[in-house]
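This report refers to the structure that appears directly beneath it.
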């Protein structure tokens, strides 16, 4: 089987994104051994709680309309969807600020973590920058400006890491350096995205209210179904950090947070880049002739081959590597990683391919799947909270393996060698 890596536009675009993302990820990887010695597992546990809250609320920020930016044939339609996404982000950020101003103490008490109270005031700011970044990310993706996407990731991680390290050294740890690093990284990467847009697409900035209303109605399935689906998807993952805080303490939550951070690296680096290119390629094939199965299977094979060696290395060496690289106190995180190795493999493969559901606008199926995952996570903690943390991780591993396997099968179901609309 030949992939023609150098010759195909698909592979060239993937390599462009991987290169930028590799540089972006190399920075936090390089300083992680330092950060894990400056900051405690408890600091990372509070950060995990903060990011869980912002991630869940951020789903509402854009109404998921940013996903529709790549779909219209005309740029003039896509730009109005971009403005719609930004307007919704502003509204949700303001509403979140009002809730936190009035109910800060109640939220802290509910989460059983007094340390989070002061940082809740920064949640609306994080949500705002997250929504702006995602909106312009999809616009630049539509324009196939993959270099811009790569640079934005470098800007984000470079500044996040610099603040994490700088504040951590000056203050000798404390969750503040982690939270501020995340916030400043988001701000500067969002600013860069917006700057490039106004520099290159200044002639497209007109806001047309009637057109926005029409397009909001045309793509109503995104807020109608995908907000719910994504809410359950993000919540299913982020609620784990919340429940680990509540039932097992911030230290255990910190272990799990580092575990997920390590899992995210190769998914963001390779699978994420493949998904960015797969989105535009599969949409092009779908619009022209509807023959999507061939591209889907080729991408599936690439993902499997790319993930085999990392999966093997993770299973056999994760505990020793974590102990050596991050310090003895992080050994439990290495044990979590080893347990969840099958999850890494299946998530890596399913992540890019899941966009097939958006191409054929089958958000209803996605909503049902994410709801089932969310309920399964809740049930897992219901039966596992009285056991130790390692047993809880084993239960979660089984749940995620079943889910990602089902996702691969479901997304394949909506491919076709003929007219895609014939699929019921």
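In table form, for the structure just shown:
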read-out: Options 112, 143; residue that is over 26 Å from residue 13 (Cβ atoms) and at pLDDT below 85; value: 112
read-out: Some residue of segment 27-36 being farther than 20 Å from residue 157 by Cα and either surrounded by fewer than 20 Cβ atoms within 10 Å (Cβ to Cβ) or touching a strand residue (DSSP E or B) at 6+ places or on another chain (Cβ under 8 Å) (or both); value: no
read-out: Tally of residues being in contact with a helix residue (DSSP H, G or I) (Cβ under 6 Å, 6 or more places away or on another chain) and surrounded by 15 or more Cβ atoms within 10 Å (Cβ to Cβ) across segment 311-330; value: 9
read-out: Filter pass, residue 145 being out of contact with any helix residue (DSSP H, G or I) (no Cβ under 9 Å at 6 or more places or on another chain) and under 26 Å from residue 273 (Cβ atoms); value: no
read-out: Residues that are on the phi < 0 side of the Ramachandran plot and either outside any helix (DSSP H, G or I) or not assigned by TED's automatic domain parsing to the domain that holds residue 282 (or both), drawn from segment 313-356; value: 340, 354, 355
read-out: Sole exception among (1) surrounded by 21 or more Cβ atoms within 10 Å (Cβ to Cβ); (2) at pLDDT 90 or above; (3) within 20 Å of the chain's Cα centre (by Cα) for residue 393, by number; value: (3)
read-out: Positions within segment 105-123 being surrounded by 16 or more Cβ atoms within 10 Å (Cβ to Cβ) and either at positive phi or assigned to a helix (DSSP H, G or I) (or both), in sequence order; value: 107, 108, 111, 115, 116, 119, 120, 122, 123
read-out: Contacts under 6 angstrom Cβ, first residue in segment 195-212 being modelled with pLDDT of 75 or more, partner assigned to a helix (DSSP H, G or I), 6 or more apart; value: 196/148; 197/136; 207/83; 208/80; 211/80; 212/80; 212/84
read-out: From the options 302, 293, residue that is under 30 Å from residue 415 (Cβ atoms), surrounded by fewer than 18 Cβ atoms within 10 Å (Cβ to Cβ) and at pLDDT 85 or above; value: 293
read-out: Conditions (1) touching a residue at least 24 places away in the same chain (Cβ under 8 Å); (2) assigned to a helix (DSSP H, G or I); (3) surrounded by fewer than 15 Cβ atoms within 10 Å (Cβ to Cβ); number of the one not met by residue 372; value: (3)
read-out: Matching entry among 252, 299 (being touching a residue at least 40 places away in the same chain (Cβ under 8 Å) and farther than 30 Å from residue 151 by Cβ); value: 252
read-out: Set 54, 96, 126: member being touching a helix residue (DSSP H, G or I) at 6+ places or on another chain (Cβ under 6 Å), over 17 Å from residue 234 (Cα atoms) and crowded, with 20+ Cβ neighbours inside 10 Å; value: 96
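So that you can scan it fast, the table gives a plain yes or no per residue for (1) touching a residue at least 60 places away in the same chain (Cβ under 8 Å); (2) more than 22 Å from residue 61 (Cβ to Cβ):
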site: 104; (1), (2): no, no
site: 118; (1), (2): no, yes
site: 123; (1), (2): yes, no
site: 126; (1), (2): yes, no
site: 132; (1), (2): yes, no
site: 141; (1), (2): yes, no
site: 150; (1), (2): yes, yes
site: 153; (1), (2): yes, no
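The values are calculated or read from the model by the stated rules, or taken from the named source; none is laboratory data. These numbers were taken from a predicted model, which means no experiment stands behind them. All Cβ positions, glycine included, derive from the backbone under ideal geometry; neighbour counts span all protein chains shown.
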